[in-house]
Amino acid sequence: MTAKNSQTETVKEAVSAATRAISGNPEMEISFGGMGSSLPNPPKTIKELNSFRGKADSLACIEKYRDKKIRINSGTKKVDALLRVMEDARVEILGSINYPGIASNLNAKFEDSCKLFQSLEEKEDHLEIALESWLRKLCLPHIESSGSDQFLEYWGTLFNAQDEKVKEGLITSLSDQEKFQETAKDFLQSLNIEDEDSDSEDHDIEDETEQEEESASQDAEDDESVESEASPEQQDEEGTEETDADAGDLDEDAIVDENQEVITNQSWLESLVGQTSNFTYKVYTRSFDEEIKAEDLCSPEEILRLRKHLDQLMGPSKSTISKLAHRLQRFLMAQQNRSWEFNKEEGMLDSARLHKIITDPLTPLSYKIEKDTEFRDTSVSILVDSSGSMRGRSMTVAAICADIISTTLERCNVKTEVLGFTTKQWKGGESRKLWMEDGKPENPGRLNDIRHIIFKSADTPWRRGQKNFGLMLREGLLKENVDGEALIWAHDRLARRQEQRKILMVISDGAPVDDSTLSTNPTNFLDLHLRQVIHSIETQSEVNLIAIGIGHDVTRYYKNAVTIHRAEELGGAMLEQLTDLFKVD
């Protein structure tokens, strides 16, 4: 073992021992280096060591101060994401208070997080890091974190203006996880974060609608109040059991009438899904739907800026995912390697068997013939949920994984395309306007303008398509999600290709959510359609469908699925799922 490796192993042993001691769990498992590992490999410079130790101390604090049985479930995705930020900060604050020796390490880790965002101009977009910055300053006023000040320029005034009792409650409930979570909910609700998030995008649309509907303004207000009572985010979390129960009443064998003939002038999958006995999915209008190439969404200058931003955020994730991707590449190349048939009467002389002629001159010469191992040509489509709930770390890691995995597969002659799906507007857009002009007929069906994005087509080389992956991070792009129609779109693109093997990988963080559609149709309207589409693909299509859920259990929808709890696990999960499918011939 070299001196360098010896030093690395010494750091690992010391950090592992300290982490177990602080956590109070001598059996705590700690691993280094991999995507699914507890910690990255130790840094090469002393300057980065404090931040690395801070990551280990954070793990110890989670083990010591967090009850994993207590789940975060506020009823909305946005609030849930912010509650997780506050909960992560809570355990680190407790560790800093109770163990002053680790406070500087945890602060170094936090300041490293701040540096990831310092190059961006729009600081008001970074609500999560601003919230963590404010909470740390509130509970740890004696610890300086200069890197976080810029993020409080926009949000700090709003946070500080909230009720003093609630702020005091956050401090006094640090040691009580349940009480802290309830206090944090009250704090976030007082900020009206969710309303700001939606209204900021839809403000102009609602103004135009009010002008057009001036004579019926009272009706419009009543309609908006009904929508707020039936918030799709609440249905997504609080109504999960109800939705599952409704879907459970549907006999899977009755989902598709296999005896009916497929309509040839329609999308094969769409017509198959439409052959149902007890549910009909409909769309109010497709006039405003959009399929668009990523480069057409913004200027070339912005594409380069976003790509540069993605490169800055890659950091250690890039090297970790790259290592895993190289394993996949070696696996695929091994499958494509040529092999030999031995003991043939003609072909190439088998030099490995010449020694037999020396021992027995009458032995006939042995020949070998080179043959190609059968490796079916393959096309892979990565479909990324580009809704607002993916904003932040989930979308960043999805972009990094799509970038690295697509180039890895391309090296192995596997065609890969990267797609995204969202909506053009919040709360319905032009489709909803048209519906209101038509007198608001009941049960209108899907009532929003969907946007399907091609980040990289299968026939576009990675070197030309990779610049577009930064657009996944573009603020204002991520809105709502209609998963069923996105799956049909991605599936049909894949089904038209000539490759023998076709793989569709879906990356999502929850159920379909579209406020306008769910407030005017049955609550399980989008959910049931998604289940029908998945069932049709899994039982009738040659396309291999796999799914990865980030923070949400997608196994209730997909048979071949895995759920990860941290965005950092995405690369490992994607590569593992792909490797398993490539093994099947």
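We did not get these values from a lab; they are worked out from the coordinates using the rules stated. All values derive from a computational prediction rather than experimental measurement. When we count neighbours, we look across all protein chains shown, and the Cβ atoms used for this are built from the backbone with ideal geometry, even at glycine.
For the reader, a short list of remarks on this structure follows.
- Separation in nanometres of the label points that stand 7 Å from Cα toward Cβ, at Glu538 and Gln189: 3.6
- Sequence ranges 452-462, 390-400, ranked by mean other-Cβ count within 10 angstrom, highest first: 390-400, 452-462
- Ordered by the count of other Cβ atoms within 10 Å of each Cβ, fewest first, Ile143, Ile564 give Ile143, Ile564.
- Karplus-derived HN-Hα couplings along segment 136-141 (A = 6.51, B = -1.76, C = 1.60, θ = phi - 60°), whole Hz, x at Gly and Pro: 5, 5, 5, 8, 10, x
- For Glu29, Glu48, Glu410, the sequence from fewest to most other C-beta atoms within 10 Å is Glu29, Glu48, Glu410.
- Under the simplified labelling scheme, the Arg66-Ile369 pair shows an inter-label distance of 6.0 nm, with each label point 7 Å from Cα along Cα→Cβ.
- Across Lys368/Lys502; Lys167/Lys427; Lys69/Lys185; Lys293/Lys467, pairs whose alpha-carbon gap is larger than 23 Å: Lys368/Lys502; Lys167/Lys427
- Cα gyration tensor shape for segment 492-573, rounded if a/c is under 1.5, else prolate or oblate: oblate
- Full extension of the chain between Asn160 and Lys559 gives 138.9 nm of extra length, using 0.36 nm per residue less the Cα-Cα distance.
- Relative exposure of Phe469, Phe525, judged by other C-beta atoms within 10 Å (fewest first): Phe525, Phe469
- Two-site FRET efficiency, Thr172 against Arg84, from Cβ-Cβ distance with R₀ of 25 Å, rounded to 0.05: 0.75
- Available extension along the chain between Asn413 and Gln150 is 90.1 nm, counting 0.36 nm per residue and deducting the alpha carbon span.
- Judged by the mean number of other Cβ atoms found within 10 Å, the most tightly packed of the peptides 171-179, 536-544 leads the ranking 536-544, 171-179.
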